[in-house]
Amino acid sequence: MTEAALIRATGVEKCYPNGTQALNGVDLSVARGEVVCIIGPSGSGKSTLLRTLNAMETITAGEVVVDGILVHARGTDLNRMRTHVGMVFQQFNLFPHMTALENVALAPMRVLRRPPAEARARAEELLVKVGLADKAQVHPGQLSGGQQQRVAIARALAMQPAIMLFDEPTSALDPEMVGEVLEVMKDLARDGMTMCVVTHEMGFARAVANRVIFMDAGQIQHQAAPAAFFDAPANDRLKAFLGQVLK
Amino acid sequence: MTRQRSRGLWYGVYALVLLGLVAGIWGMAARVHYDWNWKDVPKYLISTSGTELLAPFDAYVSISPDGKTLSLQEYGGERSASYTEFAEAYAESGDLVFRDDLLAYQAGLKPGILLIGLWMTLKLSAVSLVFALVLGLVAGLGRVADNPAARQLSSNYVELIRGTPLLVQIFIVYFFIGTVLQLSAFTAGVVALAVFTGAYIAEIVRSGIESVPRGQMEASRSLGMNYAQAMRYVILPQALKKTLPSLAGQFINLIKDSSLVSVMALTDLTKAGREIISSNFRPFEVWFTIALMYLALTGSLSYLVRRLEKRLAHD
């Protein structure tokens, strides 16, 4: 496990300056090609954990190794590390002043210094992949939430990351648009992408995840393969939580 | 129907108020027995007095018999010159003239002192604007920076400039800094106006950057962009678009504030007006004319900005 682990977090703690303990000793290991879903009540630290994996949040103790890079070490080139780790946000965070195509092509052009023609060709391929070939020249303001989130996924994929982090990718969507985004994510999982997904979509977790993690109070309370996780909840807290979200 | 009638009524009130104002001004003018004379004003815009032709060196004058050609032969030298385009000669054949003596008047129109002043105001505002934008952008970025030195310095700059009157700053720049560094009046004017306007632009830039959602910076950084790239390609384009109306307001303020540099030896529009008044003692006509000229300048600028805003508002 440790040999193949693409992500390895050990004893991660995160304490905000106001004293809130968001993460309280988290150990997490994700193998290459594995899909891990993280669930838990709001405020349990699941988003914070995800954001420490690409140093969008600092940590106060422990260490995180991603693709062989010690993420929170002083000398780490964060910008280079982040090109290996794609991130998709709850609020999409597309760049509103650019077309869908420009959104996808921007980082490869500016960060990886790809020639514009090459970056655009690759961006078009990715838009085809997420089913939005006809929206390349459209600004995000004219796209539905589901379409925006698919562009955001294409944008993250454009950097050819080894890992994709999803921070509640469907929570801001109207119910009828959740499916199209989950479909794209399923395709990704089938292609063998290593994924960490913070989600409330239990159906997705059960169908796609290799492992489901339950977080509460800044700690991993339980983790198991989806069948065992959902069918035989290991403790009362998880049982109560699942009862809440699955009713 | 009643709505329509009451709207008409209020337009009537508006016309009445305007009429009252005009009547009030007219009444005031009548009270002080002011003798309006608008006839003099156009010549300050376009001068018909022609150009003076001055002798370039000490020389003897000779004028051809038909009176159309004026030739010079340098006194104690080899140089010579001849002029044909002039309306009226002031020298006669055989005269010995010295350098810068008046030889003749060349007829024709040339910009009057008000237009020259307007051009100076425009030039001063435009050059100051360029430097103010650069200064404001740098200081605005400093205001939102993580680096304590950059943050403190820009904050002090903004507080210092916004807390002191522009006129006092102009005096300090002109009499103190200008003397120490041997600045020309124009340079001193540009420095004072750019530094002053830059502080306000810095605040506009800061508020623009802060109005862009945090997620934009996060998304950019998550893609591997560094802070400067994220600012340049993602944050600033959005911020500047949002702040365009306030920036335009600041540009218009800059044009108006430039009238204060007339306290220096710099003939801008306002100073031109003061010079005219000191020779013809007609303050009313001149100040009204100058106000209209400023209004034309600022009005056309805000029109241009509105068009730009419309073009940028496509999404």
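When the other protein chains are added to the chain by itself, burial of at least 40 square angstrom of heavy-atom accessible area (probe 1.4 Å, ligands and nucleic acids ignored) affects these residues of the range B:192-228: B:216, B:218, B:219, B:221, B:222, B:223, B:224, B:225. The alpha carbon radius of gyration of the range A:40-189, expressed as a multiple of 2.2 N^0.38 Å, is 1.07. Per the Debye formula on identical point scatterers at the alpha carbon atoms of the range B:1-105, with no solvent, log10 I(q)/I(0) at q = 0.16, 0.19 Å⁻¹ is -0.81, -0.94.
Expressed as a fraction of 2.2 N^0.38 Å, the value expected for a compact globular protein of N residues, the C-alpha radius of gyration of the protein assembly as shown is 1.49. What separates the Cα centres of the range A:204-232 and the range A:43-117 is a distance of 25 Å.
Note on the range A:156-247: Rg/Rh from C-alpha atoms, Kirkwood Rh, equals 0.97.
So what is the orientation-averaged projected area of the range B:63-152, using the convex hull of its C-alpha atoms, in nm²? Numbers along the way, then the final one.
Values: hull surface 46.4 nm².
Answer in nm², one decimal: 11.6.
Springs join every pair of Cα atoms under 10 Å in this Gaussian network model of chain B, and among B:180, B:127, B:205 the largest mean-square fluctuation is at B:180.
Accessible area per residue for the range A:121-247, computed on protein heavy atoms with a 1.4 Å probe, is 42 Å². Averaged per residue, the range B:143-261 has 45 square angstrom of accessible surface, using a 1.4 angstrom probe with ligands and nucleic acids left out.
Shown for the range A:157-220: the carbon plus sulfur share of the solvent-accessible area, taken with all protein chains present and a 1.4 angstrom probe, equals 43%.
Give the Kirkwood hydrodynamic radius (Å, one decimal) of the range A:67-106, defined as one over the mean of 1/r across all pairs of different Cα atoms. List each step's numbers first, then the result.
On the way: mean 1/r = 0.0809 Å⁻¹.
Kirkwood hydrodynamic radius for the range A:67-106: 12.4 Å.
Between the Cα long axis of helix A:236-246 and the first principal axis of chain A there is an angle of about 40°, rounded to the nearest 10.
Against chain A, whose longest principal axis is taken from its Cα atoms, helix A:100-110 shows a tilt of about 80°.
Carbon and sulfur together cover what percent of the accessible area of the range B:91-249 at a 1.4 Å probe radius? Don't jump to the answer; show the numbers that get you there.
Working: 5190 of 7780 Å².
Its accessible area is 67 percent carbon and sulfur atoms.
Here the translational diffusion coefficient of the range B:50-112 follows from Stokes-Einstein with Rh set to the Kirkwood radius across Cα pairs; for 20 °C and 1.002 mPa s it amounts to 182 µm²/s. Relative to the dominant Cα principal axis of chain A, helix A:175-190 is inclined by about 90°. Volume of the convex hull of chain B (Cα atoms only), normalised per residue: 280 Å³. Expressed in Å, the radius of gyration and Dmax of the Cα atoms of the range B:130-199 are 12.8, 38. Centre-to-centre, using Cα atoms only, the range B:225-303 and the range B:3-40 are separated by 28 Å.
In chain B, the sites counted are trypsin sites (Lys or Arg not before Pro) in DSSP loop states with at most 13 other Cβ atoms within 10 Å, and the longest stretch holding none of them, exclusive of the sites, is B:100-315. Comparing B:273, B:76, B:12 in a Gaussian network model of chain B where C-alpha atoms under 10 Å apart are linked, the largest mean-square fluctuation is found at B:12. Placing a label point 7 Å from the Cα of residue B:151 along the Cα-to-Cβ line, the residues of the range B:161-205 whose backbone N sits under 17 Å from it are B:203.
If we count every other residue with Cβ under 13 angstrom of residue B:288's Cβ, Lys/Arg +1 and Asp/Glu -1, where does the sum land?
Values: positive: B:282; negative: B:40, B:285.
Around residue B:288, the surrounding residues sum to -1.
Residue A:122 sits among other residues whose Cβ lies under 15 Å from its own Cβ, and their net charge, with Lys and Arg +1 and Asp and Glu -1, is +2.
Using a probe radius of 1.4 angstrom, the carbon and sulfur fraction of the accessible surface of the range A:55-134 is 49%.
Calculated from DSSP H runs of 4 or more alone, at -39500 (n - 2.57) each and per residue, what is the 222 nm mean residue ellipticity of chain B, nearest 500? Intermediate values should be presented prior to the final figure.
Details: 12 runs with 195 residues, N = 315.
For chain B, the value works out to -20500 deg cm²/dmol.
Solvent-accessible area lost on pairing A with B (1.4 Å probe, both sides summed) amounts to about 1800 Å².
The values are calculated or read from the model by the stated rules, or taken from the named source; none is laboratory data. Just so we're clear, the structure is a prediction, and the values are computed from it rather than from any experiment. Backbone-built Cβ (ideal geometry, glycine too); neighbour counts: all protein chains shown. Surface accessibility is based on the protein's heavy atoms, side chains included, excluding ligands, DNA and RNA. Shrake-Rupley method; radii C 1.70, N 1.55, O 1.52, S 1.80 Å.
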